[in-house]
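The block underneath contains the structure these notes are about, expressed in structure tokens.
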Amino acid sequence: MTSVEEQLGSATDAYRRMWSELLPVGRFDASAGYRRHAWTAADAECRTWFAEQAQARGLVYEVDRNGNQWAWYGDPKGEGAIVTGSHLDSVPDGGAYDGPLGVVASFAALDALRERGFTPVRPLAITNFVDEEGARFGVACVGSRLTAGVLTPDQAYALRDASGVRLPDAMAAAGQDPSLIGKDSDRLSRVAAYVELHVEQGRFLATGTAKRGPHAVGVASAIWPHGRWRFDFHGEANHAGTTRLEDRRDPMLTYANTVLAARKKARLHGALATFGKVSVEPNGTNAIASLVRGWLDSRAADEATLTALVEEISVAARERAERDGVRADVVRESYTPVVDFDAPLRDRLAARLGADTPVLPTGAGHDAGILSAVIPTAMLFVRNPTGVSHSPSEYASEADCLAGTAALADVLEDLTCQ
Ligand SMILES: [Zn+2]
């Protein structure tokens, strides 16, 4: 038995049991990836599992007005609550760890604390924030955005999935009343801090730095500003066999060139730019496209760099479009400013976990980032040896996940017992 397992006691077994229960839920056999999209059958199965975990521990179970699940140890109406948790939904063909690790670790950390006989002076809650990935309706962190009031009910009502189903209809079909959604200031006013444990989506902890070697667990410093931009390239549909090259207005060329330009400019800025989604009309092998629509995801360490990078990519797209006889339109679809996690809370976590604990930034968005606009939030990251995430090969070792769980338990004890 390792020292972490000793520290966690029977919560180690609870962790393993919970992990194996969730493992088959929403897994798509052909890819071995997860398709746990908001308000689908797989999501419902995850939500039922969460409710059962709450029940099995005698916790007070609630679903809030926006569909987020809460499991309370202590009085849900009490002041100064410490909240932990994450999300159970996934991107298309996502990995097992992004989200569920934080929820499973939260329940196991509570188990360990109770076994330790901890005496909290504040309520502790475990949450599953709904629709964090935005895989179905295109906007990430819908549950926490609504709760924080940064997404309005009208904006949420206008969301549709790829088959045209409206978000409120999907909620209603899953038994959640969509007329209740909206800002939940009352609930958040009783929360003193939110701490989210998450698998790292990068290799900072695995590679370490000159100052610090590899580490199983780290504390988040900030989330890079990030956003999504839609590039529409309008050309002219025509016959692939009869249209001379010089007579074409082919938006695919403009798109291809823009993808390459984005990559080069991101590298020069030390930032990130990705075209990961594209749609083509009419999408025929023997037809020159009339419209190519590509979505750019871009992130950088600071907002000035991000703005400059996206502007440069847009200029490159327009210049190339002119040469191709194509019209380029750029529409910003979403934007999240830089998030600096609450400094006192971050420092308190780092101090509790030991002086050698790495403090690292991330390029990925999280509910903790959204909520940081209204309450103090912090994050713990668990080492990811390959850095791969949002993919079936996303991985963290069980030993590291248990180390993360033990760290979370220590942090929660510190925060709830004084
Ligand atoms: Zn996540």
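A few remarks follow.
- Diffusion constant of region 26-139 at 25 °C, which comes from Stokes-Einstein with the Kirkwood Cα-pair radius and 0.890 mPa s, µm²/s: 167 µm²/s
- Amide proton proximity set for Glu196, modelled H, under 5 Å, gap of 5+: Ala378, Met379, Leu380
- Taking Met252, Met1, Met18 and counting other C-beta atoms within 10 Å, the order from fewest to most: Met1, Met252, Met18
- Contact order relative to length of region 19-118, as percent, for alpha carbon pairs under 8 angstrom and 6 or more apart: 28 percent
- Computed Rg/Rh of the chain, alpha carbon atoms with Kirkwood Rh: 1.01
- Relative contact order computed over region 120-242 (Cα-Cα under 8 Å; 6+ residues apart), in percent: 14 percent
- Residue order, fewest to most surrounding Cβ atoms within 10 angstrom, among Ser163, Ser391, Ser20: Ser163, Ser20, Ser391
- Derived scalar couplings ³J(HN,Hα) [region 98-104; Karplus, 6.51 cos²θ - 1.76 cosθ + 1.60; whole Hz; x for Gly, Pro]: 5, x, x, 4, x, 6, 4
- Distance from region 220-249 to region 21-56 (C-alpha centre basis), Å: 35 Å
- Trypsin sites (Lys or Arg not before Pro) within region 14-102, DSSP loop, no more than 16 other Cβ atoms inside 10 Å: Arg57, Lys77
- Relative contact order, whole percent, for the chain stands at 22, derived from Cα pairs under 8 Å and 6 or more residues apart.
- Volume per residue that the Cα convex hull of region 1-84 spans, once the total is divided by residue count, Å³: 133 Å³
- Over region 220-271, equivalent-ellipsoid semi-axes from the Cα gyration tensor in Å: 35, 12, 6
- Farthest positive-ward along the chain dipole, Cα basis, beta-carbon charges - from Ala396, Leu408, Trp39: Ala396
- Assuming charge only on the beta carbon of Lys and Arg (+1) and of Asp and Glu (-1), the dipole of region 239-307 about its Cα centre is about 160 debye to the nearest 20.
- Assigned charges on the beta-carbon of Lys, Arg, Asp, Glu; the chain dipole about Cα centre (debye): 740 debye
- Sequentially through region 20-28, phi angles give Karplus couplings (6.51, -1.76, 1.60; θ = phi - 60°) of 6, 5, 7, 3, x, 6, x, 7, 9 Hz, Gly and Pro residues having no value and appearing as x.
- In region 329-386, the trypsin sites (Lys or Arg not before Pro) that fall in loop regions by DSSP, at most 13 other Cβ within 10 Å: none
- Of the trypsin sites (Lys or Arg not before Pro) in region 184-252, the ones in a loop by DSSP (not H, G, I, E or B) with at most 16 other beta carbons within 10 Å are Arg203, Lys211, Arg212, Arg244.
- For the chain, the antiparallel share of DSSP beta bridges with both residues in that region comes to about 70%.
- Cα lying deepest toward the dipole's positive end in the chain, options Ser372, Ala108, Leu23, charges on Cβ: Ser372
Every read-out reported here was derived from the displayed coordinates using simple, explicitly stated rules and does not represent laboratory data. Note that the coordinates shown come from a computational prediction; the quantities given were computed from them, not determined experimentally. Note that each Cβ is placed from the backbone with ideal geometry, even for glycine, and that neighbours are counted across all protein chains shown.
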